[in-house]
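To start, the structure under review is shown below, and the notes come after it.
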Amino acid sequence: TPDVYQGNTTFNSTGGQDVQLCYTGNSYFYGNITINSNKVVFNTSSGKATFAGGNAQTLNGSYNYSFKKLAINKTANSVTANTTMSVDDSLIFVNGNLITTSSYLLTMKLGSKVTGASNNSFVDGPIKKTGNTSFNFPVGKNYSYRPIEISAPSTTTSEFTGEFIDDSVHVN
């Protein structure tokens, strides 16, 4: 069933089984998240993880955050990835940015899609897309959404990384 996590949350698993979060429904996270096991996975079924609220949030730990459906719907501030993360199905932007770096990269997997990106909500930093479908990188900087589009690559193992960089030099 869906859950609401009001504060900072740490997930651990010491057994052989996966801890499956956001399995069904829409689960909300209002604080920072730390994962201390590669056995913690997000929404392997039909569920969705939504980052919400007005606080700045971080994703921490040394393991990849594997999401099926991920939504960014913040009333203020952003979500910062301090670890790698991936999306298998859908990345949904409503309000607020997802901040990534080349060390803490977001990977959109084969067949995944993005909806809702705008000046109010996008990836601020690099994003990698794998697969053989066309893709619109939902990137921007400084409150400006600046998408980058690629046509369909030829193989399912193709990988492209895109990032919008706001240059301080203004060229006419």
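The values are calculated or read from the model by the stated rules, or taken from the named source; none is laboratory data. Treat the numbers as computed from the prediction; the structure is a model and nothing was measured. Neighbour counts are summed over all protein chains in view; Cβ atoms, including those assigned to glycine, are modelled from backbone coordinates with ideal geometry. Each accessible area value is taken on the protein alone, full model and side chains, heavy atoms only, with ligands, DNA and RNA left out. Shrake-Rupley method; radii C 1.70, N 1.55, O 1.52, S 1.80 Å.
When you go through Ser62, Ser46 one by one, which is the residue that is out of contact with any helix residue (DSSP H, G or I) (no Cβ under 8 Å at 6 or more places or on another chain), closer than 18 Å to Thr107 by Cβ, without any contact (Cβ under 8 Å) to a residue 60 or more places away in the chain and open to solvent by 60 Å² or more (accessible area, probe 1.4 Å)?
Sole residue among the options that is out of contact with any helix residue (DSSP H, G or I) (no Cβ under 8 Å at 6 or more places or on another chain), closer than 18 Å to Thr107 by Cβ, without any contact (Cβ under 8 Å) to a residue 60 or more places away in the chain and open to solvent by 60 Å² or more (accessible area, probe 1.4 Å): Ser62.
Quick grid of which residues meet (1) in contact (Cβ under 8 Å) with a residue 12 or more places away in the chain; (2) closer than 26 Å to Thr50 by Cα; (3) of a type outside the set (A, V, I, L, M, F, W, C):
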{"position": "Leu110", "(1), (2), (3)": "yes, yes, no"}
{"position": "Asn120", "(1), (2), (3)": "yes, yes, yes"}
{"position": "Asp124", "(1), (2), (3)": "yes, yes, yes"}
{"position": "Asn136", "(1), (2), (3)": "yes, yes, yes"}
{"position": "Asn142", "(1), (2), (3)": "yes, yes, yes"}
{"position": "Ala152", "(1), (2), (3)": "yes, no, no"}
{"position": "Thr161", "(1), (2), (3)": "yes, yes, yes"}
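Step by step: first the residues of region 122-152, then only those that are basic (Lys, Arg) and not in a loop (DSSP other than H, G, I, E, B), then the one that is nearest to Asp88 (Cα to Cα). Which residue is that?
Among residues in region 122-152 that are basic (Lys, Arg) and not in a loop (DSSP other than H, G, I, E, B), the one nearest to Asp88 (Cα to Cα) is Lys129.
Anything in region 19-43 that is at pLDDT 95 or above and buried (at least 22 other Cβ atoms within 10 Å of the Cβ)? List them, or say none.
Passing the criteria: Phe29, Ile33.
Can you find even one residue in region 62-82 that is more than 29 Å from Thr133 (Cβ to Cβ), not β-branched (Val, Ile, Thr) and not in a loop (DSSP other than H, G, I, E, B)?
No, because not a single residue in region 62-82 is more than 29 Å from Thr133 (Cβ to Cβ), not β-branched (Val, Ile, Thr) and not in a loop (DSSP other than H, G, I, E, B).
Name the residue that is surrounded by the fewest Cβ atoms within 10 Å (Cβ to Cβ), counting only residues in region 65-78 that are of a type in the set (Ser, Thr, Tyr) and at pLDDT 95 or above.
Here the residue is Thr75.
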